[in-house]
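Quick notes on the structure that follows.
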Amino acid sequence: MKSAGHCLIASITPFHSVIRFGRFSSNLFYGSSSKPRTLCAYHQSSKLHSASLMAVAAERYPPPWFSVAPMMDWTDNHYRTLVRLISKKAWLYTEMIAAETIVYQTGNLDRFLAYGPEQHPIVLQIGGNKLENLAKATQLATPYGYDEINLNCGCPSPKVAGHGCFGVRLMLDPKFVAEAMSVIAANTNVPVSVKCRIGVDDHDSYNELCDFIYEVSSQSPTRHFIIHSRKALLNGISPADNRKIPPLKYEYYYALLRDFPDLQFTINGGITSIEEVNAACTEGAHGVMVGRAAYGNPWQILGLVDSAVYGAPLHSITRRQVLEQYQVYGDSVLRIYGPRPTVREVVRPLLGLFHAEPRNVVWKRAVDAAFRHCTTIKSLFEETLGEIPDEVLDAPITEVPSGSTDTFIKAKSLLPPPYTVNEEELLYA
């Protein structure tokens with residue numbers, strides 16, 4: 001237990017020795033429109049550099065066949081620590097951090113950017129619409145040693161895409177996104193990527209999606225796109241409704257694989273089981289990103305990733321062992337920032353660990369009551385885990401059930417016509 005605690009306590013330490021500041025100054029591309037020749041030369045060389053960075057990452061870590069989606073207020077350090085105790089190979093993403101938060105919290109960066117070395121491979125997702133802040137935020141984040149920097153072009157939240165004018169709203173301005181990705185890449189020495197939807201409001205045709213992908217990839221070093229296979233509606237509906245109301249169009253994703261064979265695409269949206277993950281990959285997906293299903297049912301989703309997706313031997317870890325290690329981590333980080341994190345905040349990622357198991361509801365009620373007086377994770381576990389049967393706590397991860405889904409086979413039968421680039425239209429768009 002001591003060694004596990006030592007490893008997890010490192011989650012509050014930045015990794016200044018891993019990667020130093022980027023090779024370019026943060027103001028290199030400000031006003032880049034006045035120097036098109038220089039910018040063009042950069043794009044040509046940066047594509048080669050981006051490809052080499054991805055190759056280096058591939059040698060260090062397993063490929064991103066499975067990743068956990070960035071989720072605001074959910075994929076924090078606590079949840080990512082839990083994920084890594086269950087899966088050693090899944091790629092992790094931070095929750096989106098606004099570039100302005102990083103820039104204006106320079107005296108408090110550990111609170112937003114620090115993580116433990118066990119969390120690799122890990123991607124930092126940032127959001128914003130000001131080039132200067134995106135550049136500076138990337139510079140400030142670089143010493144923490146993230147394995148990739150991702151720009152959020154998919155969040156439909158009114159606070160982000162509405163008043164904030166970034167997130168999915170950036171899809172309406174692919175020229176800016178290309179410039180932003182160039183600036184981000186110029187200030188780091190790891191690969192960069194974009195997470196986006198398949199469209200916004202009435203801008204939802206396959207050709208418009210392709211125009212966005214083409215412009216961003218041809219005018220920046222971006223070689224990896226995570227595609228949430230729904231469009232976003234910016235008419236004031238909630239983020240939850242934006243995950244339900246717009247229909248899934250996986251056929252757009254598979255058409256992108258056909259039309260942009262030199263790029264890497266990860267599919268996201270509506271995938272809730274390992275069977276569906278494997279079905280998407282069987283039909284050619286480069287990678288699969290799962291969000292709320294991995295949060296709400298981490299044992300059955302994440303526990304099978306290493307074996308069912310990556311082909312590793314099925315490991316015999318139990319939920320009791322996971323909780324023993326998590327308790328050491330949790331008690332080591334309680335109240336390190338004054339009153340926070342609280343016991344409730346540290347325990348919250350565990351509330352789906354016994355999803356659909358006997359006495360799960362009774363245990364969660366006991367946990368809720370314990371929040372009122374327990375001051376350590378250890379005392380909360382001692383008070384509540386007796387509600388869970390030993391056979392559940394000590395059961396190892398089981399094999400993924402057999403079976404498949406034909407959802408992605410059907411999607412491939414509905415592909416839109418191949419995309420044809422209209423350079424003149426894009427030039428004057």
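The values are calculated or read from the model by the stated rules, or taken from the named source; none is laboratory data. From a predicted model like this one, the values you see are computed outputs, not experimental measurements. Note: ideal-geometry Cβ built from the backbone for every residue, glycine included; neighbour counts use all protein chains shown. When the accessible area is computed, the model is the full protein with side chains, heavy atoms only, and any ligands, DNA or RNA have been set aside. Shrake-Rupley method; radii C 1.70, N 1.55, O 1.52, S 1.80 Å.
Per-structure values
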item	result
Flag for Tyr329 being under 20 Å from the mean Cα position of the chain (by Cα) and in contact (Cβ under 8 Å) with a residue 60 or more places away in the chain	no
Number of positions in the range 239-269 that are among the small types (Gly, Ala, Ser), modelled with pLDDT of 95 or more and out of contact with any Lys or Arg (no Cβ under 8 Å at 6 or more places or on another chain)	1
Pair list, Cβ < 7 Å and 6+ apart or interchain, from the range 83-102 residues that are under 15 Å from Ala312 (Cβ atoms) and charged (D, E, K, R) to residues that are open to solvent by 20 Å² or more (accessible area, probe 1.4 Å) and part of a helix (DSSP H, G or I)	Arg84/Glu118
Filtered residues of the range 260-283 (kept if open to solvent by 30 Å² or more (accessible area, probe 1.4 Å) and in contact with a helix residue (DSSP H, G or I) (Cβ under 6 Å, 6 or more places away or on another chain))	Thr272, Glu283
Top-ranked residue in the range 104-157 [being assigned to a strand (DSSP E or B) and in contact with a Pro (Cβ under 6 Å, 6 or more places away or on another chain); ranked as surrounded by the most Cβ atoms within 10 Å (Cβ to Cβ)]	Gln125
The one condition in (1) of a type in the set (Gly, Ala, Ser); (2) closer than 22 Å to Cys281 by Cβ; (3) outside any helix (DSSP H, G or I) that Ala255 fails to fulfil	(3)
Identity of the residue in the range 388-429, open to solvent by 90 Å² or more (accessible area, probe 1.4 Å) and under 27 Å from Pro313 (Cα atoms), that ends up modelled with the lowest pLDDT	Ser402
When residues of the range 330-387 are limited to those that are surrounded by fewer than 20 Cβ atoms within 10 Å (Cβ to Cβ) and of a type in the set (Val, Ile, Thr), the one nearest to Arg292 (Cα to Cα)	Val361
Residues of the range 186-216 classified as among the small types (Gly, Ala, Ser), open to solvent by less than 10 Å² (accessible area, probe 1.4 Å) and not in a strand (DSSP E or B), total	2
